[in-house]
Each structure stands twice: as structure tokens, then as C-alpha cells.
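Novice: Quick one: the structure is below, questions incoming.
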Amino acid sequence: MMTHAFGAPRHIVLVGFMGTGKSTVSRLLAEQIGCLAVDMDAEIERRIGRDIPSIFAQEGEAFFRRVESEVLAALLASEDSSIIATGGGAVLAQSNCDLMLKQGMVVALTAQPEHIIARVRGDENRPLLQGDVEERVNKLLADRKHAYAFAPLQIDTTALEAQAVADLIAEQWKATVR
Ligand SMILES: Nc1ncnc2c1ncn2[C@@H]1O[C@H](COP(=O)(O)OP(=O)(O)O)[C@@H](O)[C@H]1O
Ligand SMILES: O=C(O)C1=C[C@@H](OP(=O)(O)O)[C@@H](O)[C@H](O)C1
Ligand SMILES: [Mg+2]
């Protein structure tokens, strides 16, 4: 179990563009550290009772963003420590970033665009990447150029296995909560 020094962050929050490995790494980290991994997209799907593409198609992105912010606030307010895999757009609201920094150790995962494209190609669960995936990724990466820079810890996952990424974060976490 995780123990906490006074004032130490309660949660680990993973941010980053789609395909940087947030969901995958959160599960590996949870095993390693011995606490719960929560994937915000899965939590949103559970709450609304529909999958992410249906929520985008039927309710629109603005609705999804509202639920996303509510879910984030609820998770961060929990007394139980968790590893929170955010969705790539959760950082688009400044208030979300402020909350993450207040309640968690925020880690941004990055990867070279070609690697992101290879990792997400053919995945139908990301509504913002349907169509020409290369064009969509490059456009959104440009729009979000500075969106992940607020995280104090940045890890380039381009040449790292997901397990190696989890190892790096676990090491940092142990040093933080000691
Ligand atoms: N470090 C990594 N190296 C190579 N592939 C990875 C890595 N991390 C994740 N992946 C793969 O990339 C895809 C997207 O990973 P995912 O965890 O869903 O990313 P995110 O939650 O950031 O969108 C998955 O197929 C996953 O297995
Ligand atoms: O970047 C985004 O705006 C989104 C990222 C997705 O999560 P992943 O980053 O886990 O793919 C998911 O929340 C939704 O499709 C929107
Ligand atoms: Mg994910």
C-alpha cells in the first residue's frame, strides 16, 4: 500500500496525447505500487452507460468534456489513493490542470508523432481520430502543442516499453511519498 508523508500528493495522474500509453502504464503501475488504477474514459462510460464513440456521436464533445471534468474532480477528491489515467483532452480545461497539480503527482507521457500514429491506427474507440489518422493526429498535436507542458515530470515513451515507463514513475513516486 502507499504511505504518505505530510503534504505529499495522494494520487498519480497521467496526462498526455492519445496513444502515449496512459491507460496501459496506469495498469502496470497499479500492480507495481499496489493501488487502484482508474481509467477516466472507462469511468465516464460506466457513468453514462454508453461507450466513448456513442457519447461523442449522440451528446457531442462539450457534454463529454463536462462529464470528464466532473469525473476528474470526484476521483481527485477521494481519500483513497489511485493512479488516474486521464484522457488526452482532460488538460484542455485549465481548472482541471490546477486540480491535478493540487492533488496529485502529475506525469506527462509524450511520444514522437509517427509512434503515436502507429499506436492508434485502426482503433475505432477514439472519435477524434476517425478518418485520415495521420492528418488528425498532426492537427491535434499542433492544437495541443503546449497542453501537457504543465506537468512537472515528462517522460518520452518513444523508445521505452510501457513497463519501463511504469518503472520510472514508480521510482519517482517512492521518492515523493517517502
Ligand atoms: N511505451 C509503449 N511502447 C509501445 N506501445 C505502447 C506503449 N505504451 C502503450 N502502447 C500501445 O499503444 C496503444 C495505446 O495505448 P494506451 O495505453 O491506450 O494509450 P492512451 O491511454 O495514452 O491513449 C496500445 O495498443 C498500447 O498497447
Ligand atoms: O485526446 C482526447 O481528446 C481524447 C482522448 C481519449 O483518451 P486517450 O487519451 O486515453 O486515448 C478519450 O478521452 C477521448 O477519445 C478524447
Ligand atoms: Mg487511454
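The values are calculated or read from the model by the stated rules, or taken from the named source; none is laboratory data. None of these values were measured; they are calculated from a predicted model. With ideal geometry, Cβ positions are generated from the backbone for all residues, glycine too; neighbour counts draw on all protein chains shown. Please note that ligands, DNA and RNA were not included when accessible areas were found on the heavy atoms of the full protein model with its side chains. Shrake-Rupley method; radii C 1.70, N 1.55, O 1.52, S 1.80 Å.
Novice: Limiting things to C-alpha atoms, what are the Rg and the maximum Cα-Cα separation (Dmax) for region 32-82, in angstroms?
Specialist: 12.3, 38
Novice: Carbon and sulfur atoms: what percent of the 1.4 Å accessible area of region 11-172 do they account for?
Specialist: Carbon and sulfur atoms account for 49 percent of the accessible area of region 11-172.
Novice: Which of these, H146, H11, H115, has the largest mean-square fluctuation under a Gaussian network model of the chain (Cα springs below 10 Å)?
Specialist: H146
Novice: Can you bin every Cα-Cα distance in region 70-128 into 5 Å intervals starting at zero and give me the percent of pairs per bin, rounded to whole numbers?
Specialist: Taking all Cα pairs of region 70-128, the binned fractions are 3, 13, 25, 20, 14, 14, 8, 1 percent.
Novice: Label Q94 and A57 with points 7 Å out from Cα along Cα→Cβ: what is the distance between them in nm?
Specialist: According to this spin-label approximation, the distance is 3.6 nm.
Novice: Note down the relative contact order for the chain as a percent, whole number, built from C-alpha pairs under 8 angstrom at least six residues apart.
Specialist: RCO, the chain: 37 percent.
Novice: Cut-off 10 angstrom, C-alpha nodes, Gaussian network model of the chain. Which of G60, G104, G87 fluctuates the most?
Specialist: G60
Novice: What accessible area per residue, rounded to a whole number of Å², is obtained for region 11-172 using a probe radius of 1.4 Å?
Specialist: Heavy-atom accessible area per residue stands at 48 Å².
Novice: Rounded, prolate or oblate for region 115-178? Axes are the square roots of the Cα gyration tensor eigenvalues, ordered a ≥ b ≥ c, and the cut-off for rounded is a/c under 1.5.
Specialist: prolate
Novice: Using the Kirkwood radius over C-alpha pairs as Rh, can you work out the diffusion coefficient of the chain via Stokes-Einstein at 25 °C, viscosity 0.890 mPa s, in µm² per second?
Specialist: For these conditions, the coefficient is 149 µm²/s.
Novice: Ok, one more. Averaged across orientations, what area in nm² does the convex hull of the alpha carbons in region 1-94 project?
Specialist: Quarter of the Cα hull surface area: 6.4 nm².
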